[in-house]
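Worksheet: the structure to be examined is printed underneath.
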Amino acid sequence: MALLSNIVGFSLFGLAARFGQLGIQRRNLFDNPGGHLIAMGVFGYAGYWAHKWDLRAAELIAAKRAEILERRQAQAQAVANE
């Protein structure tokens, strides 16, 4: 569900950006729907990439936390053995 919400959210942001672009240019907002689809597709892909990046970052952080915990336990055990 998070992946879908990321893609849809970024796509809607892309549509809003396209409307903003056409508004600044004072052009008809519904003149070329293909441009809207391209903007939504590009921003939707950015949302997909952001979701995958978030998952990968969570995996890296979990691995780093486990590594730090393991080092702390080894250090505590070394101090206890002295």
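The values are calculated or read from the model by the stated rules, or taken from the named source; none is laboratory data. Bear in mind that the values here come from a model prediction, so they are computed numbers and not experimental data. Note that we place each Cβ from the backbone using ideal geometry, even for glycine, and neighbour counts take in every protein chain shown. Just so you know, the surface numbers come from the protein's heavy atoms only, side chains and all, with ligands and any DNA or RNA stripped out. Shrake-Rupley method; radii C 1.70, N 1.55, O 1.52, S 1.80 Å.
Could you tell me whether any residue of the stretch 50-64 is open to solvent by less than 90 Å² (accessible area, probe 1.4 Å), within 23 Å of Ala2 (Cβ to Cβ) and touching a residue at least 40 places away in the same chain (Cβ under 8 Å)? Taking every residue of the stretch 50-64 in turn, at least one turns out to be open to solvent by less than 90 Å² (accessible area, probe 1.4 Å), within 23 Å of Ala2 (Cβ to Cβ) and touching a residue at least 40 places away in the same chain (Cβ under 8 Å). The set of residues from the stretch 18-55 being among the aromatic types (Phe, Trp, Tyr), part of a helix (DSSP H, G or I) and over 13 Å from the mean Cα position of the chain (by Cα) comprises just one member, Phe19.
Annotation: Ala2 fulfils all but one of (1) surrounded by 10 or more Cβ atoms within 10 Å (Cβ to Cβ); (2) in contact (Cβ under 8 Å) with a residue 40 or more places away in the chain; the unmet one is (1). I'd like the residue in the stretch 30-41 that is of a type in the set (A, V, I, L, M, F, W, C) and touching a helix residue (DSSP H, G or I) at 6+ places or on another chain (Cβ under 6 Å) and, out of all such residues, is least open to solvent (accessible area, probe 1.4 Å). The extreme case among them is Ala39.
If you scan the stretch 18-29, which residues turn out to be among the hydrophobic types (A, V, I, L, M, F, W, C) and open to solvent by 40 Å² or more (accessible area, probe 1.4 Å)?
Phe19, Ile24, Leu29
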